[in-house]
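This report refers to the structure that appears directly beneath it.
The values are calculated or read from the model by the stated rules, or taken from the named source; none is laboratory data. The model shown is predicted, which means the values in this text are computed figures rather than measured ones. Glycine gets a Cβ as well: all are built from the backbone with ideal geometry, and neighbour counts include every protein chain shown.
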Amino acid sequence: MAIVTENIEASLAFYRDALGLVSAGSISIPIGTLHRFRFGTSEIKLIEPRQGAESVSGPGATIDREPEKPGERVGYRHMTFAVSGLSALCGELAARKIRFAVAETEVRTGVRMAMAFDPDGNIVEFVEKA
């Protein structure tokens, strides 16, 4: 998954510092800088557009200016992380003043989840199975 960010420092603080994703390095790309992070065997890429870049082309590259209306968006809805210690994670995120789209809740027997907004308004879901 690659996410174009408006504020790379806020996004790094969220994905690296708050979620604890492990850096896999950064590289220069034609439109800016690509910051890579690992979560298990998956990779999350944060794209920091270079100053003065006129556009970022490609499917889903447009920054959604109305993140509070996820039901009205087309394309990417949210990404999901399978976690253990959901309550502790939610407490840590709340302490960092990270907003939740859905507070921690049990969605079915043995399955709890929560959804938080990243700094660009994308929804990140956390699921814990008993």
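A few points about this structure:
- On the stretch given as segment 30-52, residues that are farther than 20 Å from GLY85 by Cβ, surrounded by 14 or more Cβ atoms within 10 Å (Cβ to Cβ) and without any contact (Cβ under 8 Å) to a residue 40 or more places away in the chain total 6.
- Search result, residues across segment 26-68 that are out of contact with any helix residue (DSSP H, G or I) (no Cβ under 9 Å at 6 or more places or on another chain), modelled with pLDDT of 90 or more and of a type in the set (Val, Ile, Thr): ILE27
- Of all the criteria given as (1) part of a loop (DSSP other than H, G, I, E, B); (2) touching a residue at least 60 places away in the same chain (Cβ under 8 Å), the one not satisfied by SER84 is (2).
- Taking the criterion of being within 23 Å of ALA10 (Cα to Cα) and exposed (fewer than 12 other Cβ atoms within 10 Å of the Cβ), the only residue of segment 100-122 that qualifies is ALA103.
- Annotation note: of GLU104, GLU125, the sole residue that is touching a Cys at 6+ places or on another chain (Cβ under 7 Å) and at pLDDT 90 or above is GLU104.
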